[in-house]
Each structure stands twice: as structure tokens, then as C-alpha cells.
1. Report the longest stretch of chain A that contains none of the trypsin sites (Lys or Arg not before Pro) sitting in a DSSP loop with at most 16 other Cβ atoms within 10 Å.
2. When the Cα centres of segment B:429-499 and segment B:174-211 are compared, how far apart do they sit, in Å?
3. How many Cβ atoms of partner chains, on average, are near each residue of A:48-61 if near means within 10 Å of its Cβ?
4. When all alpha-carbon pairs of the protein assembly as shown are counted, what percent fall beyond 54 Å?
5. Tell me, A:180, B:200, B:323, B:376 in order of fewest to most beta-carbon neighbours within 10 Å?
6. Highest mean first, what order results for B:156-163, A:97-104 on Cβ atoms within 10 Å?
7. Hey, got the Cα dimensions of chain B along the principal axes, in Å, largest first?
8. What ³J(HN,Hα) values, in whole Hz, does the Karplus curve 6.51 cos²θ - 1.76 cosθ + 1.60 give for segment B:394-403 when θ = phi - 60°, with x put for Gly and Pro?
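What follows is calculated from the coordinates using simple rules that are stated; it is not laboratory data. In this text the structure is predicted, and so the values were computed from the model without any measurement. A quick note on method: Cβ atoms are made from the backbone with ideal geometry, for glycine too, and the neighbour counts reach across all protein chains shown.
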Amino acid sequence: MRDRSLQASYELKERTRQRVWRKVILPWLFVAPLLLLNVVVILGPSAGSAYYAFTKWSGIGPAQWVGLANFRRLAGDRVYHMAFVNNVKWTLIFLTVPVTMGLLGSALLAPIKKGQMFFRIAYFVPYVIASVVNTQIWRNILHPTRGIGVMLAERGLKFMDVTFLGSRGTVLYTIAFVDMWHWWGFLVVLYLAAMQAINPQLYEAARIEGATRGQEFRYVTLPGILPTLVFTVLMTIIWSFLVFDYIYLLTQGGPAHASEVLSTELFKSAFFRFEVGYAAAIGVSMSFICTLVVAGFVILRRRGWEI
Amino acid sequence: MDPKRMSRRHFVASCAAMATGLVAAACAPKVVEKIVKETVEVEKIIKEVVKETIIVEGTPQIVEKEVTRVVKEVVEVLAKPEKAVISFWVEAPSTERREVINEVYRDTFNAAHPNIELELTFTEDVDRVLRTAMQAGAGPDIVTTPGAGFILEYIIAGHVAPLDELAEHYGWRDRLLPWAYESGVVGGHLYSLPLTYESMVVFYNKTLFEAKGWGIPTNREELDDLIRACVADDINPFEYTNSGWKPATEHLIGMFYDHYAGADNVYKALIGEKKWTDDEFVEAMALMNDWFQKGYYSGSIDKYHALTGDDTWSAVANGQGAMQMSGTWCFQSIGPFFEESGQEWDWFPMPSLRKGVKPVYALATGQTESINAKSMHQLEAGAALDWLYNNKRRALQISSSFNFGEWMVPLNYTADDFPVGTDPRVVRFFVDFAKVTGRGDYGYTTWTFWPAKTEVFLWEEYDMVLAGEMTPAEYQARAQELFDEEVAEGKVPPVPERF
């Protein structure tokens, strides 16, 4: 009797041990490498940046705690304001033009059965070309003395004689155009994939009900790709506030801050002016904006929006 | 179980082992220097007292006598020290130039110093890589920075060692150009030596000038006449751009400060005896703005912001532009544009832009070299540094691979020092520079003598003056505010006194 009780107790212990191993320890072991990587590569530097945002630090030597001084300076910094406005403009451009073009392109491409792969690849190729190469190509196309503008002006379109990357009025839109040139094809491929996942019977039903192509798009396609659409909108907003490469490669934020964005101003503060503490404050403000956007989406989802 | 498949348990165990290994490796102490002992047989002279029987007056007597003899002994000694390895990170030039630097500098040094091994690492963007390494308490033995403003930050943080004893030992003060030596002295101690020196001149298309019958301007009136002649012939007087390198605008700002406001006034402002808001400086910036607004630079302000450096050199080489105010680093790149166009280039010193202001050559250093305060081999690093400066012929041999546009260490050269076949236009500059600056006629460049924040403001915000968003007076007033802040923080690089 006592032996049986001991046996049962041993089995219970063993089962508990195995359950703890399987349910608690093992999952942690699996995520541990990634977690460690995240702590070292993401969480650590993020915490460091957040700390340095409250310091005066040249990037060399010890940092001096200054409290909210960097943030107070941000509030009155004319260049920061110009950069912020440019980021907002950039976001609005990217939320409208490439998204609309992507939707249009994918909607037109979706019914095509023959040669669709060719178009998919053709749209996608600019996306996989390095930004350094893309910017060099467009720098030549938009060249002020031998580029497309001069050629068109010589053929009668005088208004095209514009120094696209040198004029304050055109520079931000020109860079956005170059960036969109490589970006919108990616959206086409993304939306196309989402459209192809929609049940074809829904289209058949719509056609039987006499729906036009426009109505099919409005009542079948759009609701079908809504999660993808919302995801791209969310990412577009976040990426628009982090944009750096195309602007830095083409104009470094000039002329006269006309294409300055928060990330280029951050870079100059850290690496030219030795104001790493102030640069960290700019970085924190950028993260704050992105967090607000993500929080907005989370709230909408909780309120029942199907996004 | 399939022997080729790994069980979950094995997989987890392997992951844990790998993670443990990584953590252990990361936590392992850094081996700084290996102490090696070895046993050797040595001969030792020992003294011994021996008893000897001698006969004294027929009677044998035992006496003690000291004798020396050689014995062999096995002892443990420190092995001969390993070679001191000196690391030196250098901004990466082209492959051919790297080969010259390796061959003429590294290999000759290593051959002459059997106990030291100099290791050169060519790195893109060396400044940013170095900043991270230095902040982490590491970094190479020899520390390269892009200029005087940058090295000041390292000095303030205590990352670089004073070089006074090395300077005395090697006689650097006597060997280097005095102003170049002084540019590395902070708080009475030498911390850095310039790797290269340069100045600003006016390059021009000689073929075009000869064809048009234009002479070299020597004063403001002649320069104005020349500009008018260029405009009349639909030729851009100057070509320049800041599209590829935004700080390029400061090259012009320095020229206008030195040649309109005057180098004496610039010096006074740098040491706080004058204000940047004084009329001379405001007028200098207004004149520069006026020339831009008239399209004297690259045809228009928009084009100044959009053309590439190659475009502007091509324009001068093809006669679409007449001149380019630029730095002597262009000696290394100007040639191919003129070879392609079949025309000839030359240079002249910038004339004075205002009566009573002396024409000068602006002083400028490129990269600086220092010794890491944490280096285990500071003496050896000093020897490696000295190897750059202790032989004019070797220095010029390296610099000749850059056509004397980079790695031009600031020594007192004469025409005879330059290798046979050196471009006479280049020799003419360095000889004239030594002569003119030697009599005290020198000006200042913003990237060598201005503190970082004010310097960045100057080149970045001048765009706002060009755009009409800021007046020259407002621009100078803001520059003064920033300058005052940096003076208070002790961030102004050393300025050579005038004599």
C-alpha cells in the first residue's frame, strides 16, 4: 500500500516536472536566443537613446544630465519644425499617390491571365534596386543641364526647364517621386496577392447581381484586401517618419532645408555638430510619433474596426 | 529513430550549448599581452673558497684561497618580447594609392623597426567607426580624425595622449611648419599632428584666358572686370556646387572672410577681440550673396545646389565656366577633366576683395593624427607617427600618388624636395605657400579653426541667406551667438598667432 502511494507520488512529481519543462522552460528556451538578440540589439540601444535624450552629450566622453532641455529646444527649433512639416507632407504624398497607383495597377492587372508574371516582375524590379543606384539613375535623368527637363524644354515645353533637385519649390516632391518610383510596384504586387486570395464566387455573385467593374471593386475587392491595405497604410506612415536614404543621397536635406526631414536633421546633429544628446531627443520624438500611429490603430481595432 | 533527424531534446541541448559558449566567449577577459617564459642554459662566473695545502718553511699548511670558475646553469627567463603591433586606421583612398602608402610608409617602417609591426587598416568613413570604438574604450593606437574641431572632442574626453615628450624627442616642432604644429597644441600640450595641409586658390581655364586675352586678376577691380568679361561672353565666371558635399559652401565663406573682412580681423574675431557681427563680416557675406544672386556661380543658385562636382570641373575644362575657387586637394582630381577637353588649367591666388586687405593663403589642415591614451605601445606609436614626418622625400613620395592633394604632411618644402617630373604648377603652389605664409600672410579656414557647431551653422544656414530667408546681418548675429556658446564650453580649436 505504502509502495503504491510512493509510486503515485513519484509519478505525480514526474508529470509535474515534465509539464513545467514542456510548458514553461522549453518555450522560454526556444525564444531565448531571439530575446537575447532583441535585448542586445534593440532594447539596449533604445534604452540608451532614451537616456541620452535627457543629456548633453557630444558622443565622446561622459554625458551630462540636462533633464528636459533638449525637448524644450526641439519645441523652439525652426529647422526641427521645417523637418517635421516636410515629414507630414511626405506622409500625405505616400498615403495617396503610391497607394492609389498600387490599387489601380493591381486592379487592372488582376483580371489578366496571360503575361501577368511579366508585369509583376516589371513592377517589382525597381523595388529590389539599391537606393544608391536608383538615386544615381534619377540624378542623371533629372540633371539640370542635360536631363529630361532640358530636353523637353528644347522641344517646346518651356515650363519643364526646372532644376528639380536644386529648387526649393520642387526638391521635396522630386525626391518623393523618385522614392515612389521604386515603391509603388511593391504595393501593386502586395495588393495583387491579396486580391487573388478573394473568393472568386463573390465576383460571380456580384456579376449575377449586375454589378459594374467599379461596384465590384468597391464592394468585393476593397473589403477583401482591407487588412493588407490597412497594414500598408500603417507601415507607410511609420516609414514616412523614418525616411532617410533617398533624401540624404539626393540632397542631404537641402537646399535651405527644403527637403530636410527629422532623420536627416538627427544625422547632422549627431555626426556634424557633436550634439548626440539632442539627436537622441529628435529620435525619441520620432519614436513617439510612430507609437501614436500604432496606438491609434490598436484603439480602432479594439473598437471593432476590421483592420 | 532516424539517425539523420535531430531530436527536440538534442536540438535544445545544442542551442543551450551554443548560447553558453557565446556568453562565455563574450565574458572572457581580453588578453592584452602574453607573458612567455623560457628556460635557457647560461654560463655563470662563481667565486669559491678552496682549501689548498702549501709548504711553508718545510711544513705543510692548509690555507683558504678564493678562486673563480665558470659553471653552467639552467635558468627560467622572460622570453624576448613579442613584436609591438601598432594599429593605425586610415580613411580609405583608391586601391593604387593604398598600395603606395603600404609600400612607402608601412613596409619601410616595419623593415627599419624589427620589434614593431605597423598595421594599416583602410576604412571608409573612419571618423564614425573610430568614434564608436574610442567611446567603447578601444580604438587603434594611432587615432585619425577629420580635423581640428574633431580632435578637440577627443582631447576634452581624455581619449588621446599628450605628445610633448615625443615631440621633443623627435624634434617635431622644428620639423613641421610652425602654424601646423601649433594647430595641435591645446592648453599648452601637443595632442595631434596634421596628416595633410591644404589651402584655397582659384583654378582657371588657362586656354580660355589666353584665347580671350584675359589676365590674372590681382585686385578687386581686375577681378570685377574679369567677371564682367565672362558674363558678356556668356561664360559663368565661377563654377561650384554643394550638391554632393553640403559643407562646400564653407570653402567660399572662408575665402570671403579672409579676402574681404581680412585675415587680421578674422583672427581677432576667433580670439574674441572682434565680433562676427561687425560690418566687415556682414559685408563679406553680403558680397558673396550678391555674386550668387547674379548667377556668378554655376549660372544660378539652383544649379549650384544641383550640379555635381564632376559637372563643374567639366564646365571649367570645356570653357563654359572660367574659374573655380577651390582647395588644393583638387590637384589630385583636376587633371583628367582637362586631358579630356584638351585644354590647360592653372591656378592663381585669390586677390584681395577690399582695399587695405592683404591677399593671403588660408591655412587648413586635413586629417589629424594622435595617439590613443589607452594604447599599450605609445612609444612605438610615436615612432610610427614620426616615420610620416622624418623624411621629406618619403613624405612627398606618398603624397605624389595623390598629386600632392592629400597626405601632404606640413613640412618646410623647397622646390628641390619634389620628385623629378612633379607638375610645376603644384610645385609653384607649395613653394609660394611656404614663402607667403612664412612672412605671416595667412588666413583661416572654417573647418580648421572654427568650433563644430558654428562651422556647421555657417555652411548649412548660408543656404537660407541665398534663399532670401535670412539677411547676412541675421546670419552673422546667429553665428556670433553659437560662437559665444562654444567659447564658453572651450570648444574653439587653437588659432596660430599672427606675426
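1. Answer - A:156-302.
2. Segment B:429-499 and segment B:174-211 have Cα centres separated by 15 Å.
3. If you average over the peptide's residues, the count of other-chain Cβ atoms is 3.
4. The calculated P(r) of the protein assembly as shown puts 29 percent of pairs beyond 54 Å.
5. Ordered from fewest to most neighbouring Cβ atoms within 10 Å, A:180, B:200, B:323, B:376 come out as B:376, A:180, B:200, B:323.
6. B:156-163, A:97-104
7. 125, 90, 51
8. My calculation for segment B:394-403 gives 5, 4, 6, 5, 5, 5, 4, 6, 9, 6 Hz in order.
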